[in-house]
Amino acid sequence: MLRINDTTFIADWELTESFTRAQGPGGQNVNKVSTAVELRFEAERSPHLTPAVKARLKRIAGRQWTSDGAIVIRAEETRSQARNRDLARERLVEMIAQALVAPKRRVATKPTLGSQRRRLKAKTVRGEVKALRGKIDDDA
């Protein structure tokens, strides 16, 4: 059971972990030990998340969201399998917690009368400046 906040939990059946060898340099040990963790969360099938949260989570996950509706997180920063596992779970928790926060609705407001007058006055002044840039008549 993975705890997101006081009200949201992720069941163990929704998470799948696989361990592979990490990429990059690491000495002789890197070829023997599978320390990299690939955490797979079946987000689309999760009964613990609302459709709105799933939609926000899909946008947040980006390329980590697979075509079958799962989130795949890969962690290979440390040489410890347990630490990489914790890192992957922490990333998933952060991602879901971010998706749980609904964005504020924008409240449309009217511009104040003073701001409208200032804007129109500035436009008038600017128009006068541009009008004075015309060619000068030699007649006068």
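The values are calculated or read from the model by the stated rules, or taken from the named source; none is laboratory data. Because the structure is a prediction, the values reported are computed rather than measured. Cβ placement follows ideal geometry from the backbone for every residue including glycine, while neighbour counts extend to all protein chains displayed.
Applying the condition of being surrounded by 15 or more Cβ atoms within 10 Å (Cβ to Cβ) and under 27 Å from VAL101 (Cβ atoms) to the range 13-37 and asking which residue is modelled with the highest pLDDT yields VAL37.
Only one entry of SER46, SER18 meets the criterion of being farther than 23 Å from ASP6 by Cβ and either small (Gly, Ala, Ser) or outside any loop (DSSP other than H, G, I, E, B) (or both), and that entry is SER18.
State whether one or more residues within the range 74-92 are farther than 25 Å from PRO103 by Cβ and touching a Phe, Trp or Tyr at 6+ places or on another chain (Cβ under 8 Å). Checked against the condition, which is being farther than 25 Å from PRO103 by Cβ and touching a Phe, Trp or Tyr at 6+ places or on another chain (Cβ under 8 Å), the range 74-92 yields at least one hit. Go through ALA99, ALA55 for me and flag whichever is more than 17 Å from THR16 (Cβ to Cβ), in contact with a Leu (Cβ under 6 Å, 6 or more places away or on another chain) and without any contact (Cβ under 8 Å) to a residue 60 or more places away in the chain. The conditions single out ALA99.
Name the one entry in ALA75, ALA55, ALA43, ALA61 that is among the small types (Gly, Ala, Ser), surrounded by 10 or more Cβ atoms within 10 Å (Cβ to Cβ) and modelled with pLDDT of 90 or more. Being among the small types (Gly, Ala, Ser), surrounded by 10 or more Cβ atoms within 10 Å (Cβ to Cβ) and modelled with pLDDT of 90 or more holds for just one of ALA75, ALA55, ALA43, ALA61, which is ALA55. Entry remark, the range 49-77: residues being touching a strand residue (DSSP E or B) at 6+ places or on another chain (Cβ under 8 Å) and not β-branched (Val, Ile, Thr) number 9 in total.
If you go through the range 64-83 and keep only what is free of Cβ contacts under 8 Å to residues at least 60 places away in the same chain and more than 20 Å from the chain's Cα centre (by Cα), you end up with GLU76, GLU77, THR78, ARG79, SER80, ALA82, ARG83. Of everything in the range 85-123 that is of a type in the set (Ser, Thr, Tyr) and in a loop (DSSP other than H, G, I, E, B), the residue that is surrounded by the most Cβ atoms within 10 Å (Cβ to Cβ) is THR112.
Restricted to the range 58-81, and to residues there that are assigned to a helix (DSSP H, G or I) and not basic (Lys, Arg), the residue that is farthest from ALA22 (Cα to Cα) is ILE60.
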